[in-house]
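Below is one structure, written out as structure tokens; comments come after it.
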Amino acid sequence: MFFLELAADRLQAADLQRLEFAGHDVLGRVARRLNSLVQESGQPVPDGIMVDVFLSQEELAGWTAASREAVNRALQQLRAVGCLRSERRRMIITDLDALRRYAGVSREAP
């Protein structure tokens, strides 16, 4: 019974991921992943919310089903509009509401 439940859970997760990928461009998928990281490990700092998790562009590309180059462009866009700032091994989300608008998610508590 355990294996059937596990298989059903994985199938449901894969279906949700396909829907997410179909409904969002790379910028939206990157913003959604960053929003998830804020929810999982975000730490309030004076100028925003710090995501103190080392995340390479290759890893982010894998999680968002995009190329590293496309992820790089999406991160540049988010920096340009003031949503985030990158520092060594971490990111500061400077405008969470704007990030969530790009992600297409509702406002949640960090």
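The values are calculated or read from the model by the stated rules, or taken from the named source; none is laboratory data. Note that the structure is predicted; figures quoted are calculated from it, not measured. For neighbour counting, all protein chains shown are included, and Cβ atoms are generated from backbone atoms with ideal geometry for every residue, glycine included. Protein only, heavy atoms only, side chains kept; ligands, DNA and RNA dropped before computing areas. Shrake-Rupley method; radii C 1.70, N 1.55, O 1.52, S 1.80 Å.
Could you please report the charge total around Arg85, scoring K, R as +1 and D, E as -1 over all other residues with beta-carbon less than 11 angstrom from its beta-carbon? It would help to have the intermediate numbers written out before the result.
Working: positive: Arg79, Arg90; negative: Asp47, Glu87, Asp95.
Local charge sum for Arg85: -1.
Give or take rounding to whole Å, what are the principal axis extents of the alpha carbon atoms in region 25-95, in descending order?
32, 23, 20
Suppose R0 equals 30 Å. What FRET efficiency, 1/(1 + (r/R0)^6) with r the Cβ-Cβ distance, do Gln43 and Ala65 give to the nearest 0.05?
Values: r = 28 Å, r/R0 = 0.93.
The formula returns an efficiency of 0.60 here.
Can you pull the accessible area of Ser67 for me, 1.4 Å probe, Å² to the nearest 10?
Spelled out: Ser67, probe radius 1.4 Å, area about 50 Å².
Run the simple label-point estimate for Arg85 and Leu55 please: 7 Å along Cα→C-beta, distance reported in nm.
Label-label distance for Arg85 and Leu55, simple model: 1.8 nm.
Looking at region 40-110, which GluC sites (Glu not before Pro) are DSSP coil and have at most 12 other C-beta atoms within 10 Å of their C-beta?
Details: sites: Glu40, Glu58, Glu59, Glu69, Glu87, Glu108; in loops: Glu108.
Answer in residue order: Glu108.
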